[in-house]
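Throughout, read-outs are computed from the coordinates displayed, never taken from laboratory work. Keep in mind that this is a model prediction, so the values were computed, not measured.
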Ligand code: TYD
């Protein structure tokens, strides 16, 4: 598989993830690296359509958790095979706003265990895991205050206990996969956080890939 470095950024809605993805991509480009930035679900035509479908609060009957999972996986399979894998093969640093850990945390919080979720990834050819996953950790009430100005999408509209379970899931992922998932406390100022993230990414790139 290609020689590029694959970084994913994870967190609750309102954790400041997208800002950090954009600051990190600027820093990597300023360093002279070739960078491909993607968002999951999204980036591809298919993925953006699936994203609109999944986030629309007016979708009708409650979405079955397996239907939800398979739609996220469909978007990810398209994203990986169409964009991420070719970019890694060209030696790009790939930066993804969310990736498989979102499924493990959010669909895991629907009561689906990680084993079948990981197996689904394998079946879809998605067993190239990120080299580094930065989980931006922030308490649920803080995250909700940060995004209170926007109209909640279908997932954001879930009740607080759901988001608490998502957060616990992320923290558990960091314990389970310590070589890959790093918890970054994310309550501070965006610029300071960006500096910490740059240091983590540079350090890990120097060490080479995690297993
Ligand atoms: P997000 O990417 O954070 O976009 P925005 O910043 O526009 O809100 O939103 C995507 C939502 O989808 C978020 O609530 C998390 C959820 N999600 C899952 O439930 N499972 C997944 O596998 C992924 C990638 C996202």
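Details
- For the chain, the pair-distance distribution built from all alpha carbon pairs, in bins 10 Å wide starting at 0, is 8, 35, 40, 16, 1 percent.
- Most fluctuating residue given options 18, 96, 168, as computed from a GNM of the chain linking Cα atoms under 10 Å: 168
- Only DSSP H runs of four or more residues enter the estimate; each adds -39500 (n - 2.57), and after division by the residues of the chain the mean residue ellipticity at 222 nm equals -14500 deg cm²/dmol.
- Length-normalised contact order of the stretch 124-211 in % [C-alpha pairs under 8 Å, at least 6 apart]: 48 percent
- Shape analysis of the stretch 1-41 yields a ratio of the Cα radius of gyration to the Kirkwood radius, Rg/Rh, of 0.99.
- For the stretch 21-61, the fraction of alpha-carbon pairs in successive 5 Å shells from zero, as %: 5, 21, 18, 13, 14, 12, 8, 5, 2, 1
- Where N is the number of residues in the stretch 74-136, Cα Rg divided by 2.2 N^0.38 Å: 1.15
- Sorted from greatest to least, the principal axis extents spanned by the alpha carbons of the stretch 38-158 come out as 40, 29, 28 Å.
- Relative contact order, percent, the chain [alpha-carbon distance under 8 Å, six or more residues apart]: 34 percent
- Two-decimal log10 I(q)/I(0) for the stretch 105-188, as the Debye equation yields it once each C-alpha is a single scatterer, q = 0.10, 0.12 Å⁻¹: -0.29, -0.42
- Shape call, the stretch 11-98: gyration tensor on alpha carbons, a/c limit 1.5: oblate
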